[in-house]
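Working notes for the structure below.
The values are calculated or read from the model by the stated rules, or taken from the named source; none is laboratory data. The structure displayed is predicted, hence computed values, not measured ones. Note that each Cβ is placed from the backbone with ideal geometry, even for glycine, and that neighbours are counted across all protein chains shown. Side chains are part of the model used for accessible areas, which takes the heavy atoms of the whole protein and leaves out ligands, DNA and RNA. Shrake-Rupley method; radii C 1.70, N 1.55, O 1.52, S 1.80 Å.
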Amino acid sequence: MSSPEFSTIADLKRAVECGQRITPEDVSVIGQIERELSGEAGPMQETAQTLATRQMNFDAKLDELAVKPQSHLTMEDAQEIEEMETLAFNKPPGASSIAAQVRSIAERNEALGLPPVSADAEAAFVTKGDAREAQHAEATIYGGQNPRGGMAAQMQSAADKLEHARRWI
């Protein structure tokens, strides 16, 4: 990064709004330039450090959500990532943002009744009726088609296995 790239804090914020990442090295260079000009670190370095930290926090949350099964993404996850993306890039996320994608998945999960069940919850069995309802909901979402390996298919498989096991009891 060169000094003319960000001549003001507003320039720095505009660059971040356009998606530019601020690295620890950028923060260091900005601090060196400020010290050369004024003899001390100043508001430009502080702003760069804040933005860099927000971007790192956003990346950490993104990593956390990336290992979570999609069927376990909740509206709470969507809200958190939206807030963090807003802070990381100094503006609300757009329609094609990561936050929008997580929100879409969370809304689908909510429509299908998929938010995860608490670990303290009692054991439950999937019935053929449950599977039929899930198939209908998935078909509505996916334009009349049920995706291979989707949640409804998994529910149908579980219901079939339960019925088969009960026949042998």
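Look at the range 33-58: where a residue is farther than 13 Å from Ile22 by Cβ and a partner is of a type in the set (Asp, Glu) and surrounded by 15 or more Cβ atoms within 10 Å (Cβ to Cβ), sitting 6+ places away or on another chain with Cβ atoms under 9 Å, you get Glu40/Glu34; Ala41/Glu34; Gly42/Glu34; Pro43/Glu34. One residue stands out in the range 135-169 among those that are assigned to a helix (DSSP H, G or I) and among the hydroxyl-bearing types (Ser, Thr, Tyr): the one that is nearest to the chain's Cα centre (by Cα), namely Thr140. Within the range 107-118, is even one residue in the same structural domain as Glu17 (by the TED database), in contact with a Phe, Trp or Tyr (Cβ under 7 Å, 6 or more places away or on another chain), assigned to a helix (DSSP H, G or I) and not aromatic (Phe, Trp, Tyr)? No, the range 107-118 contains no residue that is in the same structural domain as Glu17 (by the TED database), in contact with a Phe, Trp or Tyr (Cβ under 7 Å, 6 or more places away or on another chain), assigned to a helix (DSSP H, G or I) and not aromatic (Phe, Trp, Tyr).
Listed by first and then second residue, the pairs linking a residue in the range 144-169 that is over 14 Å from Ala134 (Cα atoms) to a residue that is open to solvent by less than 50 Å² (accessible area, probe 1.4 Å), with Cβ atoms under 8 Å apart and 6 or more places separating them unless they lie on different chains, are Leu162/Val126.
Looking across the range 80-97, the residues that are of a type outside the set (Asp, Glu) and open to solvent by 80 Å² or more (accessible area, probe 1.4 Å) come down to Leu87, Lys91, Pro92, Ala95, Ser96. Scanning the range 49-70 for residues that are at pLDDT below 90, surrounded by 12 or more Cβ atoms within 10 Å (Cβ to Cβ) and within 28 Å of Leu162 (Cα to Cα) turns up at least one hit.
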